[in-house]
Amino acid sequence: MNKITIICCWNNKKQYKMLLDSIAKQSSKVDIIGIDNSKQTFKSCSAAFNNVIKSVNTKFMLFVHQDIIFSNTECIENIQNYLEKIEYNSVLGLAGSSFDSPLMKTNVLIGANDTLCYGGSERVDGIIECDTVDECIFGGYSSLFKKMEFDEYICNGWHFYAVEFCLRTKINGGKVYVCDVELIHNSLGNTDDSYNKTYREICKKYNKYYKRLRTPCCYCSGTSFFARNIYYLRKMLGIRLRKLGIVR
């Protein structure tokens, strides 16, 4: 019996096929749940994942973006070995951040195949604790995700659902880890209005627990009413100025 189920909500068939092709070359075999959202059946990743996690029968779940490529045959085996080391109520990611450091911790390569570069400034050696992980690839024990599920109210789009889950995990006594497995994420990322709105809502939800939040995608602010709203306005202004070509 396989130990990992990989779950991917996809809308780009070509990218998803590249992911599947890279999984097929892995030394460790996995179960796969592909959620076809090309017709926008689901309005959020949280809803898509919650719709299928109850049907998972493996020890671990791994949530993966459609533009992830496992670049060598040992990637999943190495991830599985790290999953075996974490607590049943903890989360493991491949790109993480800590509240007390501005550096993203990751060995993931990002961008197009001919212009790949590391996605963060701090490389990881082994497995280390952090506070939040990126959505591109993360997971843990299936029992944890079946028990807690994703927050469809706050994370009602396509961003920060892993961050929110990590914050809730820590409050409930679990830990968050990032490990040194190297793979490819064929994306440079982008932000939009929904990014900023979701981040503000997460800050609001957790302001009693955390004075300051930091995410792997470089979002960082205080969680108080004034701090989160000033940060939100700054981010929205930046988006508008970039659209007008005033700033890059």
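The values are calculated or read from the model by the stated rules, or taken from the named source; none is laboratory data. Bear in mind the structure is a predicted one, so any value in this text is a computation, not a measurement. Don't worry about glycine lacking a Cβ; one is built from the backbone with ideal geometry, like all the others, and counts go over all protein chains shown. Just the protein is used for accessible areas: all its heavy atoms, side chains included, with ligands, DNA and RNA removed. Shrake-Rupley method; radii C 1.70, N 1.55, O 1.52, S 1.80 Å.
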For residues that are in contact with a helix residue (DSSP H, G or I) (Cβ under 9 Å, 6 or more places away or on another chain) and either more than 24 Å from PHE99 (Cβ to Cβ) or among the small types (Gly, Ala, Ser) (or both), tally how many sit in the range 142-152.
4
List the residue pairs whose Cβ atoms are under 6 Å apart, where the first residue sits in the range 26-38 and is touching a residue at least 12 places away in the same chain (Cβ under 8 Å), the second is among the aliphatic types (A, V, I, L, M) and part of a loop (DSSP other than H, G, I, E, B), and the two are 6 or more positions apart or on different chains.
ILE33/VAL52
Select from the range 159-203 the residues that are modelled with pLDDT of 95 or more, in contact with a strand residue (DSSP E or B) (Cβ under 8 Å, 6 or more places away or on another chain) and either at positive phi or of a type in the set (S, T, N, Q) (or both) and list them in ascending order.
THR169
Within the range 96-116, which residues are out of contact with any Gly (no Cβ under 6 Å at 6 or more places or on another chain) and of a type in the set (A, V, I, L, M, F, W, C)?
PHE99, LEU103, LEU109, ALA112, LEU116
What are the pairs with Cβ atoms under 7 angstrom where one residue, in the range 215-239, is among the charged types (D, E, K, R) and the other, located anywhere, is open to solvent by less than 30 Å² (accessible area, probe 1.4 Å)? Sequence gap at least six, or different chains.
ARG228/CYS203; ARG228/SER221; ARG228/GLY222; LYS235/ASN196
Starting from residues that are among the hydroxyl-bearing types (Ser, Thr, Tyr) and out of contact with any strand residue (DSSP E or B) (no Cβ under 7 Å at 6 or more places or on another chain), keep the ones in the range 50-74 and report whichever is surrounded by the most Cβ atoms within 10 Å (Cβ to Cβ).
THR73
Residues of the range 125-155 being touching a Gly at 6+ places or on another chain (Cβ under 9 Å), open to solvent by less than 20 Å² (accessible area, probe 1.4 Å) and assigned to a loop (DSSP other than H, G, I, E, B), in sequence order, are GLU135, CYS136
